[in-house]
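> Pasting in a structure now, in structure tokens, and then I'll have a few things to ask.
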Amino acid sequence: MENYAQKLAKNIKKLREINNMTIKELSQKTGINSCFLIKIGQSKAKRIFLAYIETFCKYFNVGIDELFE
């Protein structure tokens, strides 16, 4: 069973791929540090701020539930 960090990592990657984006491009577009995005992608981020979740939702035009499904 996936935990929340794994679900977020999987869905951010999926959204990046749908939009043909690299981590660097996502970082530039959202202002979220690329090293932190890599940690999210590896499910190694110790905590993820709500502001980042909101940024992902706004940028990809998805709801919070879609990031964690």
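Here, each number is a calculation from the coordinates, and none is a lab measurement. Please read these numbers as outputs of a predicted model, since none were measured by experiment. Heads up, the Cβs are rebuilt from the backbone with ideal geometry, glycines too, and the neighbour counts pull from every protein chain shown.
> Give the cross-link partners of residue 10 among the aspartates and glutamates, using a straight C-alpha distance below 14 Å as the criterion and excluding same-chain residues fewer than 8 apart.
Counting by Cα, and skipping residues close in sequence, residue 10 has these aspartates and glutamates nearby: 2, 65, 66, 69.
> Here is a further query. How long is the gain from residue 19 to residue 6 if the chain were fully straight, where each residue apart is worth 0.36 nm and the alpha carbon distance is subtracted?
Working: separation 13, 0.36 × 13 = 4.68 nm, distance 2.00 nm.
Gain in length upon complete extension: 2.7 nm.
> How big is the charge dipole of the chain about its Cα centre, in debye rounded to the nearest 20, if each Lys and Arg gets +1 on its Cβ and each Asp and Glu gets -1 on its Cβ? List each step's numbers first, then the result.
Values: 12 positive and 7 negative charges, 68 e Å.
About 320 debye.
> For the chain, just say rounded, prolate or oblate: build the C-alpha gyration tensor, square-root its eigenvalues into a ≥ b ≥ c, call rounded for a/c under 1.5, and beyond that prolate if a/b exceeds b/c, oblate if not. Don't skip to the answer; put the middle values down first.
Values: a/c = 1.33, a/b = 1.17, b/c = 1.14.
It comes out rounded by the Cα gyration axes.
> Out of 11, 26, 64, whose Cα points farthest toward the positive end of the dipole of the chain (charges: +1 Lys, Arg; -1 Asp, Glu; placed on Cβ)?
26
> Given a Förster distance of 22 Å, report the FRET efficiency between residue 36 and residue 65 from their Cβ-Cβ distance, rounded to the nearest 0.05.
Details: r = 22 Å, r/R0 = 1.02.
So the FRET efficiency works out to roughly 0.50.
> Turning to a different aspect of this structure: Just to confirm a number: summing +1 for Lys and Arg and -1 for Asp and Glu over residues other than residue 11 whose beta-carbon lies under 12 angstrom from that of residue 11, what do you get? Working shown, then result.
On the way: positive: 7, 10, 13, 14, 16; negative: 2, 17, 65, 66, 69.
Cβ neighbours under 12 Å give a net charge of 0.
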